[in-house]
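Everything below concerns the one structure shown next.
The values are calculated or read from the model by the stated rules, or taken from the named source; none is laboratory data. Not measured: the values here are computed from a predicted model. Cβ atoms come from the backbone with ideal geometry, glycine included; neighbour counts cover every protein chain shown. Please note that ligands, DNA and RNA were not included when accessible areas were found on the heavy atoms of the full protein model with its side chains. Shrake-Rupley method; radii C 1.70, N 1.55, O 1.52, S 1.80 Å.
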Amino acid sequence: MREGSEGRPAGGEAAMLEVAGLNAWYGESHILHGVDFSVNEGEVVTLLGRNGAGKTTTMKSIMGLVGRRAGSIRYRGQDLIGVAPNRIAHAGIGFCPEERAIFGSLSVTENLMLPPVVAPGGLDVETIYALFPNLRERASTAQATKLSGGEQQMLAIARILRTGAKLLLLDEPTEGLAPVIVQQIGRTIQEIKKRGFTVLLVEQNFRFAATVADRHYVMEHGRIIDMIPNAELPSRMEKLHEYLGV
Amino acid sequence: MFMILGVPGPLLFGQVLLGLINGAFYAMLSLGLAVIFGMLNIINFAHGSFFMMGAFVSWMLLNYLGIGYFPSLILAPIIVGAIGILLEKTLISRLYKLDHLYGLLLTFGMSLVVNGLFRNYYGSSGMPYDIPGVLNGAQNLGFMYMPIYRGWVVVAALVVCLATWIAIEKTSLGARLRAATENAPMVQAFGVNVPRLVTLTFGGGVALAAFAGVLAAPIYSVNPNMGDNFINTVFAVVVIGGMGSIIGSVITGFGLGVIEGLTKVFYPQASATVVFLVMVIVLLARPRGLFGRMV
Ligand SMILES: Nc1ncnc2c1ncn2[C@@H]1O[C@H](COP(=O)(O)OP(=O)(O)O)[C@@H](O)[C@H]1O
Ligand SMILES: [Mg+2]
């Protein structure tokens, strides 16, 4: 890790996460064709795009969970290409996958405590329960997959707040959830941003994305095709509709 | 002499005890197999060989180094577990991306090589291993005489099975193991060194087999084929209990041992096949086994 990279103001010379020329494959299928984007410390940045554009694959590539990847992924100056997923987590990146990956053979508390602490500065369990009161009530549930979809999503987010990871990758955290739960997740993202976490968020719902994000990248066919600062979103809404085909 | 269901009481209790002893070995062996299967997704055909090596290592410790039974109970599982770890790192770990069948073939081949090596150096007639002094003798239970060593085997097996269950179901390491059984890449993306966890799990399963081998040494003679006599039944136990289920392995192991013992009393002709009969019935009624989780 490069000295002094922490605390550099957003928009400074080196971003917290810099992805350049990223290519990724699942077996023989070439999915990402040169993805370029960056995330500054303290920002909430979204990846928008139609189904199949490669958003999930981009997140999995950052975590080292695709078959093969090439290009460059620099996290605080450290190149993550060729690094094993467990080392990537220990570099300080937390991943909340699209399918949530709640473990049914573990209790709610075991799921919450599963990821090892990778750095100091994670939220303690009391703070997490204050953010997600439902989880406190359901803590003793023996089979975590018995939780409702919304509770499972909260658990999947809570799980990576504990570890001290400073960059959180959230893949469609609002997918398929009721509006009141979506609002709660929105408040949570704002709260963790205030606490200094950096978030890369994949969203289908750009109305929701606009309430939490600083910038938006638009993906199509395995590439980034545009970047829209949140402030410019209203004026570029038509373009965005075109991109997303809505 | 008192009779139960037309059978002399001591004969009945004697066979139940023998059944419990066999069941203790079935339970410990199928437990290791189940844990290994759950985590590595391979059917470890070399499990009987590790059991045999446990007995042999304790025999060697005694005859070459003068190290007795109780230290062997700890040392032999560590030594054989280390050998298992070596084999996992050098050979088995290369097969995880391939079909189950390759792991099965490799471990089957390993067992042939290992058993052949021991047969070559020690012959197949078997070597005695004396019951340690404090566990010698028999206890009058009122309704029968129980050899103390046999009672000790049942108790030791129960303790080890319980300890394994606690380690897997009640500790944070066990939670990681269970989670990795469900979705290993995700657990690794949380920062857990999954390849190392897999290696440790294999070493642990092998150590359990070796522990059973040390317990078996004074009962059955120490010989290169001693694992083979158990392993067929043990595979049936794993299938009946449900692949990968821990509690299932233990309960089914003891249960089948007792069923076998009772069959010896009431219908001796079927005692060798009753386990497989049970297997067929269970598979017809519950293809996932008695305690199988959904896969
Ligand atoms: N495991 C996989 N194996 C092969 N192809 C995959 C796999 N996962 C996703 N894909 C393909 O990769 C493309 C991008 O998928 P994904 O990254 O999930 O898109 P998004 O998250 O933007 O909806 C899609 O065409 C999808 O079919
Ligand atoms: Mg996706």
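From the list A:Phe132, A:Phe95, exactly one residue is within 16 Å of ligand 2 (Cβ to nearest atom) and within 22 Å of A:Lys194 (Cα to Cα). Which is it?
A:Phe95
Does A:Asn111 satisfy the criteria of being assigned to a helix (DSSP H, G or I) and over 25 Å from A:Leu167 (Cβ atoms)?
no
What are the residues in region A:23-35 that are in contact (Cβ under 8 Å) with a residue 12 or more places away in the chain and within 16 Å of ligand 2 (Cβ to nearest atom), if any? Quick ask: steps written out before the conclusion?
Keep residues of region A:23-35 that are in contact (Cβ under 8 Å) with a residue 12 or more places away in the chain, which gives A:23-27, A:30-35.
If the condition is that a residue be in contact (Cβ under 8 Å) with a residue 12 or more places away in the chain and within 16 Å of ligand 2 (Cβ to nearest atom), then A:Ala24, A:Tyr26, A:Ile31, A:Leu32, A:Val35 are the ones that fit.
Only one residue in B:Val282, B:Val238 is of a type in the set (Val, Ile, Thr) and crowded, with 23+ Cβ neighbours inside 10 Å, so which one is that?
B:Val238
So which residues in region B:142-167 are within 18 Å of B:Leu73 (Cβ to Cβ), in contact with a strand residue (DSSP E or B) (Cβ under 8 Å, 6 or more places away or on another chain) and of a type in the set (A, V, I, L, M)?
Of everything in region B:142-167, just one residue is within 18 Å of B:Leu73 (Cβ to Cβ), in contact with a strand residue (DSSP E or B) (Cβ under 8 Å, 6 or more places away or on another chain) and of a type in the set (A, V, I, L, M), namely B:Ile148.
Among residues belonging to region A:36-63 that are within 14 Å of ligand 2 (Cβ to nearest atom) and assigned to a strand (DSSP E or B), point out the one that is nearest to the other protein chains (Cβ to nearest Cβ).
This residue is A:Leu47.
In this structure, does A:Glu151 turn out to be crowded, with 20+ Cβ neighbours inside 10 Å, under 23 Å from A:Ser107 (Cα atoms) and among the acidic types (Asp, Glu)?
Answer is yes for this residue.
So is A:Ile93 within 11 Å of another protein chain (Cβ to nearest Cβ) and closer than 26 Å to A:Thr56 by Cβ or not?
yes
Can you pull out every residue in region A:180-239 that is open to solvent by 60 Å² or more (accessible area, probe 1.4 Å), in contact with a strand residue (DSSP E or B) (Cβ under 6 Å, 6 or more places away or on another chain), hydrophobic (A, V, I, L, M, F, W, C) and more than 22 Å from A:Met16 (Cβ to Cβ)?
Hit for region A:180-239 is A:Ile225, nothing else.
Is it the case that some residue within region A:225-238 is farther than 24 Å from A:Arg87 by Cα, part of a helix (DSSP H, G or I), in contact with a Lys or Arg (Cβ under 9 Å, 6 or more places away or on another chain) and away from ligand 1 (no atom under 16 Å from the Cβ)? Give the derivation first.
So the first thing to find is which residues in region A:225-238 are farther than 24 Å from A:Arg87 by Cα, and the list is A:225-238.
After this cut, where a residue has to be part of a helix (DSSP H, G or I) as well, the list is A:230-232, A:237-238.
Cutting the leftovers down to in contact with a Lys or Arg (Cβ under 9 Å, 6 or more places away or on another chain) gives us A:230.
With away from ligand 1 (no atom under 16 Å from the Cβ) added as a condition, the list becomes A:230.
Looking for residues that are farther than 24 Å from A:Arg87 by Cα, part of a helix (DSSP H, G or I), in contact with a Lys or Arg (Cβ under 9 Å, 6 or more places away or on another chain) and away from ligand 1 (no atom under 16 Å from the Cβ), one finds at least one in region A:225-238, hence yes.
Find the residue count for region A:155-209, including only residues that are in a loop (DSSP other than H, G, I, E, B) and either of a type in the set (A, V, I, L, M) or within 15 Å of ligand 2 (Cβ to nearest atom) (or both).
11
State all residues of region A:49-106 that are within 15 Å of ligand 1 (Cβ to nearest atom), in contact with a Pro (Cβ under 8 Å, 6 or more places away or on another chain) and open to solvent by less than 10 Å² (accessible area, probe 1.4 Å); if no residue qualifies, say none.
A:Met59, A:Met63, A:Cys96
Within the bounds of region A:171-193, is there any residue that is within 14 Å of chain B (Cβ to nearest Cβ), within 15 Å of the chain's Cα centre (by Cα) and within 16 Å of ligand 1 (Cβ to nearest atom)? Break it down into steps so the answer makes sense when it comes.
From region A:171-193, those within 14 Å of chain B (Cβ to nearest Cβ) are A:171; that's our starting set.
Cutting the leftovers down to within 15 Å of the chain's Cα centre (by Cα) gives us A:171.
Next, only the ones that are within 16 Å of ligand 1 (Cβ to nearest atom) stay: A:171.
Taking every residue of region A:171-193 in turn, at least one turns out to be within 14 Å of chain B (Cβ to nearest Cβ), within 15 Å of the chain's Cα centre (by Cα) and within 16 Å of ligand 1 (Cβ to nearest atom).
Return the residues of region B:125-172 that are surrounded by fewer than 13 Cβ atoms within 10 Å (Cβ to Cβ) and assigned to a helix (DSSP H, G or I); say none if nothing qualifies.
Within region B:125-172, B:Gly133, B:Val134, B:Val155, B:Val159, B:Leu162, B:Ala163, B:Ile166, B:Ser172 qualify.
Tell me, which helices (runs of 4 or more DSSP H) lie completely within region B:218-295 with 1 or more residues that are within 14 Å of chain A (Cβ to nearest Cβ)?
Per the criteria, B:246-266.
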